[in-house]
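Visitor: Below you'll find the structure I mean.
The values are calculated or read from the model by the stated rules, or taken from the named source; none is laboratory data. On a predicted model such as this, the values are computed, not experimentally measured, just so you know. Positions of Cβ are backbone-derived with ideal geometry, glycine not excepted, and every protein chain shown enters the neighbour counts. To get the accessible areas, we keep the full protein, side chains included, count just its heavy atoms, and leave off ligands, DNA and RNA. Shrake-Rupley method; radii C 1.70, N 1.55, O 1.52, S 1.80 Å.
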Amino acid sequence: MNVGGTLVAGPAKSGLSGVVSIPGDKSMSHRAIMLAALADGTTEIHGFLPGEDCLATATMFTQMGVTIDWLNDDKTSLRVHGVGLHGLKKPETTLDAGNSGTCVRLMMGVLAGQAFESHITGDASLQARPMQRVADPIRQMGASVTGNDDLLPLTIQGGKLKGIQHISKIASAQVKSCVLLAALFAENETTVSEPRPTRDHTERMLPLFGQPVRVDRNGVIHLLPTGKLTAPNEPVYIPADPSSATFFAVAASLVKHSDITLQRIGMNPLRNGWKRILSDMNGDMCLQHEVLVGQESVADIHVLYRDLHGIAVNPADVPDAIDEFPVLFAAASLSDGVFILSEAEELRVKESDRIAVMAAALQAAGANIEEKPDGVKIIGGKLHGDCTINACGDHRIAMAMAVAAQCAEIEIHIENSASIATSFPDFVPLAQSLGMNIHWADC
Ligand code: S3P
């Protein structure tokens, strides 16, 4: 776990203003590098997120013999020299996913198809997160996965796989994508169904690499493996990450007189639950310049300050906003009325228990928030701030509390915030450029 690093945040001195470019989408950056590495030919990727999580995925492939040329110093453009579906080499050391659930769970799908034994682990936070949800389906396909209680570190012995009909009990894009990646190595068709639709970046990106994916009228995903992936002729462009954009959209909605524009944000409908929720809370967001980039649409989002109010979140929106709830809790704490979230128990097994950790942090800052087993009830009001809270090494808790602090009466110290480097290394300078009051304690 990325421990240490104290942020000092808030209160904002004036409204936020400006136009910012947000870094690339984390989910898509992982997938782009994985498919490019497994393809025949060379793939150019632009808009890659150079956060620790995606760099962990890149490192795993270089450990397995894939050459990656970084095309610029900030590591947002790269060329991946794919080795083909069966070209990876046995890594000499244990693969380390760091803090990244997406890296480890999707890579388990890739490793399930390899005819060698590999060892995979992660940091203390990741070692506590459930892996049985991915270990079970890839075992069913024919891989062997061993480790204590299906927690990291795990050993995977892959090989020839058979297709399965996977009916997932959890709405999880990581589980779905793990199975679809393993399905590339199977001898027959695999299908995946999920209780509620989740982000579909894997399904959208695979056809760019020549592997069709069909979704039937019941929402069941079918993958009949073609036996190879082919590097696309065109570069892969990754949109800006909507999960990162949400921090600034919420901050601008909360701080009086704010007027900001967030550029080229991914508009995938299975990712913009946060926008529906914030709009239902009376947020003022307007889309501009919407265009299609590859298989995904992007748009600029113009956000103005508005008085927000609480809502009862529609459980159907939960998977589409799963990563945005910490900052939406911050918004709800500073809104009028009551905010209720239920059927969101998955928040308890993220980089931290995001229900418990956010409840403790917001309570310390003065919020009226009640934990439920599967969500929260928040009675909006004011935050006095003037406290030190623990982000518990969870990047989204650190950034959510930095946003909340902009409207607190007195600054908040947010300990164990260094993990923002996993998904949004430039968060602090970009926040400062918009006028947020934030700095590192030792700077
Ligand atoms: C992700 C899926 C979600 C999300 C995570 C990224 C992905 O996790 O929380 O940040 O890229 O597939 P779950 O699949 O566990 O819901």
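Visitor: Could you compute the FRET efficiency for residue 146 and residue 388, with r as their C-beta to C-beta distance and R0 at 51 Å, rounded to 0.05?
Guide: For residue 146 and residue 388, the calculated efficiency is 0.75.
Visitor: Here's a follow-up. State the answer as a single residue: which of 400, 153, 423 lies farthest towards the positive end of the charge dipole of the chain, with beta carbon charges of +1 for Lys and Arg and -1 for Asp and Glu, about the Cα centre.
Guide: 153
Visitor: Still on this model: Quick check on my link table: of 160/228; 256/382; 89/160; 13/256; 169/228, which ones sit more than 18 Å apart, alpha carbon to alpha carbon?
Guide: Details: 160/228 14 Å; 256/382 14 Å; 89/160 16 Å; 13/256 10 Å; 169/228 29 Å.
Table pairs above 18 Å Cα-Cα are 169/228.
Visitor: On to the next question. Given R₀ = 45 Å, what would the calculated FRET efficiency be for residue 167 paired with residue 67, taking r from the Cβ atoms and rounding to 0.05?
Guide: 0.70
Visitor: For the stretch 241-286, which trypsin sites (Lys or Arg not before Pro) are in a loop by DSSP, counting at most 15 other Cβ atoms within 10 Å? It would help to have the intermediate numbers written out before the result.
Guide: On the way: sites: 256, 264, 271, 275, 276; in loops: 256, 271.
Of the trypsin sites (Lys or Arg not before Pro), the ones in loops of the stretch 241-286 whose Cβ has at most 15 other Cβ atoms within 10 Å are 256.
Visitor: Sticking with this one: With a 1.4 Å probe and every protein chain left in place, work out the accessible area per residue of the stretch 26-236 in Å², rounded to a whole number.
Guide: Result: 38 Å² per residue.
Visitor: So how strong a dipole does the stretch 26-236 carry about its Cα centre when Lys and Arg Cβ are +1 and Asp and Glu Cβ are -1, to the nearest 20 debye?
Guide: 580
Visitor: Give the residue list of GluC sites (Glu not before Pro) in the stretch 22-121 that are DSSP loop and have at most 10 other beta-carbon atoms within 10 angstrom. Spell out each step's value before the answer.
Guide: On the way: sites: 44, 52, 92, 117; in loops: 92.
Loop-located and lightly packed - 92.
Visitor: Within the stretch 203-247, which trypsin sites (Lys or Arg not before Pro) sit in a loop by DSSP and count at most 14 neighbouring Cβ atoms inside 10 Å?
Guide: 217
Visitor: So if each residue of separation counts as 0.36 nm, and I subtract the Cα-Cα distance between residue 379 and residue 338, what length gain in nm does that give?
Guide: Full extension of this stretch gives 14.3 nm more.
Visitor: At 1.4 Å probe size, what's the solvent-accessible area of residue 388? Round to the nearest 10 Å².
Guide: Roll a 1.4 Å probe over it and residue 388 shows about 80 Å².
Visitor: Computing the accessible area with a 1.4 Å probe over protein heavy atoms, can you report the carbon and sulfur percentage for the stretch 308-443?
Guide: Roughly 50 percent of what the probe reaches on the stretch 308-443 is carbon or sulfur.
Visitor: Let me ask something else. Need one value: the accessible area of residue 259 in square angstrom, 1.4 angstrom probe, rounded to the nearest 10.
Guide: Roughly 70 Å² of residue 259 is accessible to a 1.4 Å probe.
Visitor: Right, another one. Please find the FRET efficiency linking residue 256 to residue 356, where r is the Cβ-Cβ separation and R0 is fixed at 30 Å, and quote it to the nearest 0.05. Don't skip to the answer; put the middle values down first.
Guide: Details: r = 31 Å, r/R0 = 1.04.
Once the sixth-power term is evaluated, E becomes 0.45.
Visitor: What is the spin-label model distance, in nm, from residue 42 to residue 370 if the labels are put 7 Å beyond Cα along the C-beta direction?
Guide: 6.1
Visitor: Going by accessible area, probe 1.4 Å, with all protein chains left in place, what is the ranking of 42, 246, largest first?
Guide: So the residues, ranked largest to smallest area, are 42, 246.
Visitor: Just need the relative contact order of the stretch 327-416 here, percent rounded to a whole number, with Cα pairs under 8 Å and 6+ apart.
Guide: Worked out over the stretch 327-416, it gives 33 percent.
Visitor: Continuing with the same structure: Need one number: % antiparallel among DSSP beta bridges in the chain, to the nearest 5.
Guide: Percent antiparallel among DSSP bridges in the chain is about 70.
Visitor: Using a basic spin-label model with each label point 7 Å from the Cα along Cα→Cβ, how many nm lie between residue 282 and residue 17?
Guide: Rounded to a tenth, the inter-label distance reads 2.4 nm.
Visitor: Here's something else I'd like to know. So for the pair residue 304, residue 132, with labels modelled 7 Å out along Cα→Cβ, what separation do we get in nm?
Guide: 5.2
Visitor: Can I ask one more? Once you have the Cα-Cα distance between residue 349 and residue 440, take 0.36 nm times their residue separation minus that, and quote the gain in nm to one decimal.
Guide: Computed gain between residue 349 and residue 440 is 30.0 nm.
Visitor: Suppose the chain between residue 215 and residue 292 were pulled fully straight at 0.36 nm per residue; how much longer would it get relative to their current alpha carbon spacing?
Guide: Working: separation 77, 0.36 × 77 = 27.72 nm, distance 2.06 nm.
Length gained between residue 215 and residue 292: 25.7 nm.
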